[in-house]
Each structure stands twice: as C-alpha cells, then as structure tokens.
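Enquirer: Next up is a structure, given as structure tokens.
The values are calculated or read from the model by the stated rules, or taken from the named source; none is laboratory data. Note that the coordinates shown come from a computational prediction; the quantities given were computed from them, not determined experimentally. Cβ coordinates were reconstructed from backbone atoms using ideal geometry, including for glycine residues, and neighbour counts include every protein chain displayed. Keep in mind that these areas ignore ligands, DNA and RNA; they rest on the heavy atoms of the full protein, side chains included. Shrake-Rupley method; radii C 1.70, N 1.55, O 1.52, S 1.80 Å.
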Amino acid sequence: MIVRLFGAVSQRLSSSLLYRGSLRMKPQVVFVLGGPGAGKGTQCSNITESYDYTHLSAGELLRTERAREESEFGALIASHIKEGKIVPVEITIKLLRKAMEETMQKDEKMFRFLIDGFPRNEDNLQGWNKVMDGKADVKFVLFFDCSNEICIDRCLERGKSSGRSDDNRESLEKRIQTYLQSTRPIIELYEKLGKVRTIDASRSVDKVFADVKAVLDKEG
C-alpha cells in the first residue's frame, strides 16, 4: 500500500516537474530562407497547418510595424523596404522576440517557431547571437532554393493582387541583389555547420511541401 502510494506521489511529482519545465522551454527556432518569391510564406502556412509551429515572418512584422500609427520606426522601415535594403537588426529582433514571448505566454506548448526571412545578412546573425544566445535554440535552416528568374516572375504575378509596394521589377532586382550578396553567405555559413536542409522550390506547391514534410518528420 505504502509502495503504491509512494509510486503515485512520485508520478504526480514527475508530471508536475515536467509541466514546470515546459513553462521554461526555450523557443525552438527554424530559420526559413530563400530568395523573394521562393515560396517561403506559402510553405510556412502549410507547415503550421500540419505541425505545432508558429510562423513569424520578419518582413510581415516589419510591414505591420510600419503601418502602426504610433510606431517610432514606421518611416525608417518604409524607406528601407522601398529601397530593397535590410532594416536595422535591432528593430527586427525586438519584433521577433516580442512575438515569440507573446505566443508562448498564450500557450506554453507553442514553443516551435518558423522565422521566415531572417537572418538576412551577417549583421542580422550577429545581432541574433548577441541578443538571443541562450534564450532560443536554432534547430536548422530550411532553405528554399529557386532560380532568380522564377522568383521574379512569381513576385510580379503576386504583385497584381498583393498590394505590396516592393512587388515591382525595380524593387525586385534590388532585393535579389541584396539576397545574393547578403543572405546567401549566411546560408553557406550554416551549411558548413551541417544545419541547412535544402528544398528545391522551383516545383509545384504540393511537391515542395512533400519534401518539407520529409525534413520535418525526420527532424522531429
């Protein structure tokens, strides 16, 4: 009787400790990178429908902040986006961290995040490492590999209905150059660490997602 009682108490204590441990769980992060129009947003939406991930788009967070009337960063963000330049890292990380904290406060089980479009350059990466070191675990980079021509064509088609000011050829060519010069070296850096999972993003949405599922099922 005493043994059974002790076992039950131990089990409840263990469950309690596991629960409290989940409350302290660090965000588990997958960086989602690829050129403009590679399909990152579409595939992140598919992932969140099938897996317990929260999709955080760095670009969308910045656009939302830009549109917020009382934002102190709105004008600065707007000028950078129009010119196809990268917004200062401090602003982007502040928005990402806030979004992760708010998500985990609402539901402690939602600690897995897809961070879409970040880090986009070395400054982004250094800023992340400085601010988030020990506060979040980067599992790997999900890299959507797609030719520049396909990316531009997709964005121009999207621009017909998206209303995005940067979905035009002039901005797109600047964004492609920024991506090649600044973001590709970050992907190559993570490749050397064995932390890149490359997806051929030139194909149909369904075929791309089949490969994404294979990666996520393997990674756990």
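Enquirer: Accessible area, 1.4 Å probe, largest first: how do LYS207, LYS174, LYS106 sort?
Expert: The ordering from most to least exposed comes out as LYS106, LYS207, LYS174.
Enquirer: Could you give log10 I(q)/I(0) at q = 0.09, 0.11, 0.18 Å⁻¹ for the chain, computed by the Debye formula over C-alpha point scatterers of equal weight, without solvent?
Expert: -0.41, -0.58, -1.44
Enquirer: Express in whole angstrom the spacing between the alpha-carbon centres of region 97-121 and region 20-77.
Expert: Taking the Cα centre of each part, region 97-121 and region 20-77 sit 7 Å apart.
Enquirer: Of THR48, THR92, which has the most accessible area with a 1.4 Å probe, and how do the rest follow in descending order?
Expert: If we order THR48, THR92 from most to least accessible, we get THR48, THR92.
Enquirer: Within the chain, what whole-number % of the accessible surface is contributed by carbon and sulfur, with the 1.4 Å probe and all protein chains included in the calculation?
Expert: The value for the chain is 51 percent carbon and sulfur by accessible area.
Enquirer: Compute, for ASP200, the solvent-accessible surface of its heavy atoms (probe 1.4 Å) with the complete set of protein chains present, and express it in square angstrom to the nearest 10.
Expert: We get 70 Å² for ASP200.
Enquirer: Rounded to the nearest whole Å², what accessible area per residue is found for region 147-220 with the 1.4 Å probe?
Expert: It amounts to 60 Å² per residue over region 147-220.
Enquirer: Would you kindly give the portion of the calculated P(r) for region 84-134 that falls above 13 Å, as a percent of all Cα pairs?
Expert: 61 percent
Enquirer: If you don't mind, there's one more thing I want to ask. Can you list the residues, at least 5 places off or on another chain, whose amide H is less than 5 Å from the amide H of VAL196, using H built in the peptide plane?
Expert: VAL141
Enquirer: Convex hull over the Cα atoms of region 160-217, averaged projected area in nm²?
Expert: 5.6 nm²
Enquirer: What figure, in Å² to the nearest 10, do you get for the accessible area of ARG169 with a 1.4 Å probe and non-protein molecules left out?
Expert: Around 120 Å² of this residue is reachable by solvent.
Enquirer: Moving to a separate point now. With point charges of +1 on the Cβ of Lys and Arg and -1 on the Cβ of Asp and Glu, referenced to the Cα centre of region 57-176, which listed residue (ASN121, GLY59, SER161) lies farthest in the positive direction of the dipole?
Expert: Looking along the dipole axis, the top candidate is SER161.
Enquirer: What are the DSSP H helices in the chain that stretch 30 Å or more along their long axis, judged by alpha-carbon atoms, and whose average Kyte-Doolittle hydropathy comes to at least -0.5?
Expert: 2-23
Enquirer: Which value, in Å² rounded to 10, gives the accessible area of VAL30 with a 1.4 Å probe and all protein chains present?
Expert: 0 Å²
Enquirer: Next up: Thinking of region 114-220 as a set of Cα atoms, what percent of all their pairs are more than 25 Å apart?
Expert: 30 percent
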